[in-house]
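Below is one structure, written out as structure tokens; comments come after it.
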Amino acid sequence: GELDWKPSSRHPEGSDVWVASLAGSPALQSLTQNDTPPEVIPGLFKLNPHQRLTRARFPNGNAETSQWGFASLSRNQLSIPGEGVSEWTKPQKGKMPTFKYVNLQDPTNPSGMVKNDSAMKDYNTWGVGFGGVCSTVWGDKDSYWCGNVSAGGWAEVDRASAIAGQLQIPVGMRYNMSYRPPADPNKALGERWKDTDLSKAVIHAWHSQSWAVHMFRVLSNDPSKGTMDFTEGSGGQGGRNWCRCDQCGYAAGWCGQHQNPPVKTDTRLIGGSWYVENVIEELDAEEEWFYDTENELLYYRPNRTKIEIGTQHLPPPNADLIAAKLKNIMEFRGSQNKPVRNVSLIGLGFRDSAATYMREFEWSAPSGGDWALRKGGAILLEGVEDMTIESCEFSRLDGNGVFLAGYTRDVDIARNSFEWIGEGAMATWGNTNDYDATNGDQPRRTTVRDNYIREIGLYEKQSSGWGQAKSCLNRIENNIIFNTPRAAINFNDMMGGGNEVVGNLIWNTCRESGDHGPINSWDREPFLTKVETTAKPSFQPKVTNVDANFIIANYGGSQGIDNDDGSSYFSIKNNVFYSADGFKMDYGGHDSVFENNLVIVLPYDGQNCYNVADFLPGHADIYRNNTCVCGAFPDRIPSGCGSPACGLAHKHRKRKERMRQHSKNSRHHSFQSSARDMEVVGSAADCNSSKAGSFVSSYNRFYTPKGNASIKCAGRTMRLEDVQKIFKTEIQSSFSTIPESKTIVCWARRRLAAAISAAHAAHARHVAHVSHSSSHQMHKLLDNLDSDVSC
């Protein structure tokens, strides 16, 4: 109904902030029925034009357009840098979780099957933990990161936390009261919040490694001390612990280890940039709002033109405001024995679902990947078969778009658009009996095709276009995915395997994070299935094929496909990767093939054409018949940049800063390129092809700036021709200087031509459905690539 707006008495005169009472309104009664989180109104939207409004926050920002990740160029204006916190409060030491552990190398293990294929011993075991201190954040659900065998990158932090019963997710914070944030340097934080009640505020803070954003609801605060206490269950939106200064001091320049003299005993928790929302005193920007739960008052500052600003005595325009209520808009729930069958949702629109990032205890780690999830979405599917979701529009949902939980079979998600999504576009989370997935209670044989996915992960940055956990045999085909904070496609585990990732166009991923790729995978936690061998169960998954994709790994993306900890049994063929490192297989990965790909490497972190670790005999990876152009651009493009032009501008800005510093202290500064040595095309733990378990690389073509390709073998850098002579590897591989750009473009056309021809009709149908200029432009690019396949 019509709202009776009045000027807010809690804000300065002329601030154009208005207040309306919802007391007794039917809308409020509807919002407070049934399942209601602590925020009666967790999100607010406009009907026309369709727009997401911003809950009052500091620093000011727009959830849809403000990028504030660790490398985002404007992050210090949109968030408070990590040094704005004097200390994140560590929880008290508590009860150690209950551990479950099985050594799968032991033939007498209860599964009856042996797993001994990874060079990392811990990946041949299965283990989780539950309860104890972990229950204060993630409830009593099993978690790989609460177990005593977690392994891989920085896993020693999580393992030590679990064994010690000392969780490293903060339960409060003490902000630096004298700190003047770049967003408002005229006012220190202590002065800013001296009269502010921050209880019920929500803190959004990056993980110390910038992997995820953790949200904390403030339970109480003391402005005189700058302290806040968080509610129990806050911070569970990421699956892993934070680092301490003595563990990851490189991640925070303010740690004592960097002081002079160093304080090596600094054990404070490291958090990244952060901002605070749901604070009425911070309602000072257009299209911000705040709801006073106790007094049932809605505050709102409208968007005025400059001409209108002189007429603040007029109430806001008669815009229909939509208060989000439903976290799931449609639910289809059956069971494996009695599934819901043969339902089609065609041509529908889904919008304005409620935010779910502050649902305490509903988030947890589904498997051995880094991510945490919560089961829910605008469409929630559980216990369904032969379901179709086609030509639908998912827009401005504060949670997930489509979520597949437990048992599903043959769900077809086709020709939909997903944009401005608070979490992920689509995600899965199946059920297992510990390591045993032979019950089939997981999403299987899902087809995700011809979808258009952009602007996702607006709140929880550790989100993707397709996020897969405990699921298998899925086909992800001909999708367009761009503008994401982390990976476009993420495999949190490789349970069962057998996935097909074909013909996708992906770019502008990892825009707010790093240590990731446009496609990312983990395989730390083994699962027993009958997918690879139907006769008897096996821990070996079926090979996942990644074929004929065009991937640009700009911003914080590293490899086109980041096969991270334990990733195994991949076949990566016929792809074009631009601004990307090539093949990565470290931390115990094995049994994968990287073949017939075109990799165009721009200087990033030195992994270049390939970087592989150790293998057990019979389980080595193969790198064969690839074309790798190493050093196609002379300078490193920082993670916050998405193009060489941005990289050059960033370089020039940094050079000017160094020159200004030079003029101040008269010291000599060298202005060398930040690029790594692009002549080193690959790195392997062992290059000796005569040894069992050695990496196999052959028939490749390497192009470098100087034409002097070299390989790093067991840490020793050697010329390619010497590696060929001494180790009898890189057989028939060649090296030369980088050719003209038109030649490289021609190679890309050749590599993609077959895939484009097969996918063109499906793409054309989708373009007719989705009227977005970006989509038309990218299809025009594909058409141009297809127009000339002859070099």
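Annotations
- Those strands (runs of 3 or more DSSP E) of the stretch 676-725 in which 2 or more residues are open to solvent by less than 70 Å² (accessible area, probe 1.4 Å) occupy 680-684, 696-698, 701-704, 710-713.
- Per the listing Leu380, Leu458, Leu397, the residue uniquely closer than 29 Å to Leu528 by Cβ and out of contact with any helix residue (DSSP H, G or I) (no Cβ under 9 Å at 6 or more places or on another chain) is Leu380.
- Restricting the stretch 528-558 to residues that are outside any loop (DSSP other than H, G, I, E, B) and small (Gly, Ala, Ser) leaves a set whose member that is surrounded by the most Cβ atoms within 10 Å (Cβ to Cβ) is Gly557.
- Screening Pro366 against (1) closer than 30 Å to Gly129 by Cβ; (2) free of Cβ contacts under 8 Å to residues at least 12 places away in the same chain leaves a single unmet condition, (2).
- The single condition among (1) open to solvent by 30 Å² or more (accessible area, probe 1.4 Å); (2) part of a helix (DSSP H, G or I) that Pro49 does not satisfy is (2).
This table checks each residue for (1) at pLDDT below 95; (2) within 19 Å of Met330 (Cβ to Cβ); (3) of a type in the set (A, V, I, L, M, F, W, C); (4) surrounded by 24 or more Cβ atoms within 10 Å (Cβ to Cβ).
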position	(1), (2), (3), (4)
Phe403	no, yes, yes, yes
Gly406	no, yes, no, no
Ser417	no, yes, no, no
Thr438	no, no, no, no
Asn451	no, yes, no, yes
Ile456	no, no, yes, yes
Gln462	no, no, no, yes
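- Residues of the stretch 263-294 satisfying the condition of being assigned to a loop (DSSP other than H, G, I, E, B), touching a residue at least 24 places away in the same chain (Cβ under 8 Å) and under 24 Å from Ser30 (Cβ atoms): Asn278, Glu287, Thr293
- Only one entry in Ala23, Ala27, Ala56 is of a type outside the set (Asp, Glu) and open to solvent by less than 30 Å² (accessible area, probe 1.4 Å), namely Ala56.
- Selection within the stretch 505-527 - open to solvent by 10 Å² or more (accessible area, probe 1.4 Å), part of a loop (DSSP other than H, G, I, E, B) and touching a strand residue (DSSP E or B) at 6+ places or on another chain (Cβ under 6 Å): Asn508, Asp523
- Selection status of Gly399, under 23 Å from the mean Cα position of the chain (by Cα) and buried (at least 24 other Cβ atoms within 10 Å of the Cβ): yes
- Residues of the stretch 529-549 classified as in contact (Cβ under 8 Å) with a residue 24 or more places away in the chain and out of contact with any Lys or Arg (no Cβ under 9 Å at 6 or more places or on another chain), total: 5
- Among the conditions (1) open to solvent by less than 10 Å² (accessible area, probe 1.4 Å); (2) in contact with a Lys or Arg (Cβ under 7 Å, 6 or more places away or on another chain); (3) modelled with pLDDT of 95 or more, the only one that Glu595 does not satisfy is (1).
- Pairs, first on the phi > 0 side of the Ramachandran plot in the stretch 201-226, second of a type in the set (Ser, Thr, Tyr) and at pLDDT 95 or above, C-beta under 8 Å, six or more apart: Gly226/Ser86; Gly226/Tyr175
- Yes/no for Gln77 being within 23 Å of the chain's Cα centre (by Cα) and either crowded, with 18+ Cβ neighbours inside 10 Å or modelled with pLDDT under 95 (or both): no
To keep it simple, each residue is scored yes or no on (1) outside any loop (DSSP other than H, G, I, E, B); (2) of a type in the set (A, V, I, L, M, F, W, C).
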| site | (1), (2) |
| --- | --- |
| Asp562 | yes, no |
| Gly566 | no, no |
| Ser571 | yes, no |
| Phe577 | yes, yes |
| Lys584 | yes, no |
| Gly588 | no, no |
| Phe594 | yes, yes |
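- Helices (runs of 4 or more DSSP H) fully within the stretch 67-167 counting 3 or more residues that are among the hydrophobic types (A, V, I, L, M, F, W, C), under 23 Å from Phe615 (Cβ atoms) and in contact with an Asp or Glu (Cβ under 9 Å, 6 or more places away or on another chain): none
- On the stretch given as the stretch 488-504, residues that are open to solvent by less than 10 Å² (accessible area, probe 1.4 Å) and either outside any loop (DSSP other than H, G, I, E, B) or among the charged types (D, E, K, R) (or both) total 6.
- Filtered residue count, the stretch 168-188, keeping only those that are in contact (Cβ under 8 Å) with a residue 40 or more places away in the chain and open to solvent by 10 Å² or more (accessible area, probe 1.4 Å): 8
- Of all residue pairs spaced 6 or more apart or on separate chains, none has beta-carbon atoms under 6 Å together with a first member in the stretch 297-326 that is closer than 20 Å to Ala23 by Cβ and open to solvent by 50 Å² or more (accessible area, probe 1.4 Å) and a second member that is in a loop (DSSP other than H, G, I, E, B) and at pLDDT below 75.
The values are calculated or read from the model by the stated rules, or taken from the named source; none is laboratory data. All figures in this text were calculated on a predicted structure; none of them were measured in a lab. FYI the Cβ positions are ideal-geometry reconstructions off the backbone, even for glycines, and counts take in every protein chain you see. Each accessible area value is taken on the protein alone, full model and side chains, heavy atoms only, with ligands, DNA and RNA left out. Shrake-Rupley method; radii C 1.70, N 1.55, O 1.52, S 1.80 Å.
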